[in-house]
Amino acid sequence: MRLILLGPPGAGKGTQADVLSSKFKIPHISTGDILREAVREGSQIGKSAKSFMDRGELVPDDIVIKIVVERFTKKDSAGGFILDGFPRTKRQAEDLDKALNSKDISIDRVLYFKTSPETIISRLSGRRICPKCNAIYHIKNNPPQKDNFCDKCGAKLYQREDDKEETIKKRLKVYEKTEEELIDYYKNRGILKEVSGDLGVEKLFRSLIDSFKKDGLV
Ligand code: AMP
């Protein structure tokens, strides 16, 4: 199964992608995670991306598209994947289609996480991330067992620099600019499905599984 998760920052895409990835044994490909790792490693891509990310702006299309196309060359994505945070512009969507067409494959479903502003702010301000395994926690809704440490690998959790209030506002503005054209792009293809990002993880997961079954995807 090949999925794209679309929606604002804080819609719960990353958390849902993790759950779906475990269920269907397909990789969760998050361009944000890949870029943050590149920044930590101090690679050339990381150096080019850092200032855009710190400002809450989009990293240039050429860089991000290259990352995704390279990621597809790994064997683990041959049986399907979940794209989270990509595409974010029409150009990225078009280039993704070109890359997939050249492999004779296509996206099965684009899940659009429609989410209220209240949910977004509460999720982002309480979000904590594991720098090692990218696990996502929330100080109230999904706290780790030991305060501030990852349940899975024991690393110390951190708050993303861009999850601070001023940058959140900027990221939402950036997101809103391209939301409509991306939604239209996939609506026209007939593969867009709107889901509620306000639902809890389990509830949304169950409703997604039901809809995949109904549509014959699983
Ligand atoms: P995310 O983890 O998806 O919220 O992404 C964090 C930051 O990484 C974004 O605010 C952008 O600066 C950058 N980023 C992630 N994915 C993309 C993308 N597809 N296009 C451009 N920039 C991206």
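Below are the figures for this structure:
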| item | result |
| --- | --- |
| Antiparallel DSSP beta bridges within the chain, percent to nearest 5 | 25 |
| Estimated translational D of the chain in µm²/s (Stokes, Kirkwood radius over Cα pairs; 10 °C; 1.306 mPa s) | 89 |
| Normalised contact order of the stretch 107-196, rounded percent, pairs of Cα under 8 Å and 6 or more residues apart | 40 |
| Paired Rg and Dmax values of the stretch 1-103, which use every Cα atom, in angstrom | 13.3, 35 |
| Dmax and Rg, reported as Rg then Dmax, of the stretch 61-138 (C-alpha, Å) | 15.2, 41 |
| 222 nm mean residue ellipticity, helices alone, for the chain (DSSP H n ≥ 4; -39,500 (n - 2.57); rounded to 500) | -16000 deg cm²/dmol |
| With every protein chain in place, the stretch 88-134: carbon and sulfur % of accessible area (1.4 Å) | 47 |
| Share of carbon and sulfur in the accessible heavy-atom surface of the stretch 154-218 [1.4 Å probe, %] | 48 |
| Whole-number D in µm² s⁻¹ for the stretch 156-211, Kirkwood Cα-pair radius fed into Stokes-Einstein, 10 °C, 1.306 mPa s | 112 |
| FRET efficiency, E37 to S207 (Cβ-Cβ, R0 35 Å, nearest 0.05) | 0.65 |
| Residue of V64, V110, V201 that the Gaussian network model of the chain assigns the largest fluctuation, springs spanning Cα pairs under 10 Å | V201 |
| 1.4 Å probe accessible area per residue over the chain, in Å² | 53 |
| Calculated FRET efficiency for the pair E70/D184, C-beta based, R₀ 30 Å, to 0.05 | 0.60 |
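The values are calculated or read from the model by the stated rules, or taken from the named source; none is laboratory data. Being a predicted model, the structure only gives us computed values, none of them experimental. Using ideal geometry, Cβ is built from the backbone for each residue, glycine included, and neighbour counts are taken over all protein chains shown. Protein only, heavy atoms only, side chains kept; ligands, DNA and RNA dropped before computing areas. Shrake-Rupley method; radii C 1.70, N 1.55, O 1.52, S 1.80 Å.
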